[in-house]
Amino acid sequence: MNRLPAVILALSFLVLSTALAAPPTLLLPVPNARIPVAGVLSGGQPTQDQIAAAGAAGYKTVINLRPDTEPGFAWEAAAVKAAGLTKDNVVRLDVALKEAGSNGPVLLHCASGNRIGALLALRAVWLEGKDPAAALDYGKASGLTGLEPAVKSMLGLPAPAPAPASK
């Protein structure tokens, strides 16, 4: 008896159910956009139109790592509410990242993406027990740039050797 059709049908249901259970994270055109983990779009400050697009694309939460005292985004709370999203800050970051797949995608941003990468690298070591060097690479892939020396220090990684003096 040939079981191949039954196996193909069973695998098809498995693939389809997996695809339906974890919708793909839509990469929106925010500055320095990246998808560091399934269900999370990170990057720099989105515009009002990009926040509206995130809501239309099924995003459920916006997490802004910029402090309220930093200028340039006073309009964001109204745009988030108008798009039907919720706004959280760093206090809920770990929970939101853990829930990203089940509650819908999360738009995680700061001004440029640098703080996102720093925070994700530190989270990878401190909360997930990852190797510091691998976590630093993950942070850089997630947007870490100018904060790299501080993150290296916080992770206990050696600072880069100074460049040789030119003659």
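What follows is calculated from the coordinates using simple rules that are stated; it is not laboratory data. These numbers come from a predicted model, not from an experiment. Here the Cβ is made from the backbone with ideal geometry for all residues, glycine too, and neighbour counts use every protein chain on show.
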Restricting to aspartates and glutamates and to Cα separations under 19 Å from residue 98, and discarding same-chain partners fewer than 8 apart, the set is 88, 128
Sorted largest first, the C-alpha extents of segment 115-156 along its principal axes in whole angstrom are 23, 18, 13
Just to check, using Stokes-Einstein with a Kirkwood Rh over alpha carbon pairs, what's the diffusion coefficient of segment 32-112 at 25 °C and 0.890 mPa s in µm²/s? 198
How far is it, in nm, from the label point at residue 127 to the one at residue 95 when both lie 7 Å from their Cα along the line to the Cβ? 1.1
Just tell me which aspartates and glutamates come within less than 18 Å, Cα to Cα, of residue 81; anything on the same chain fewer than 8 places away is out. 49, 68
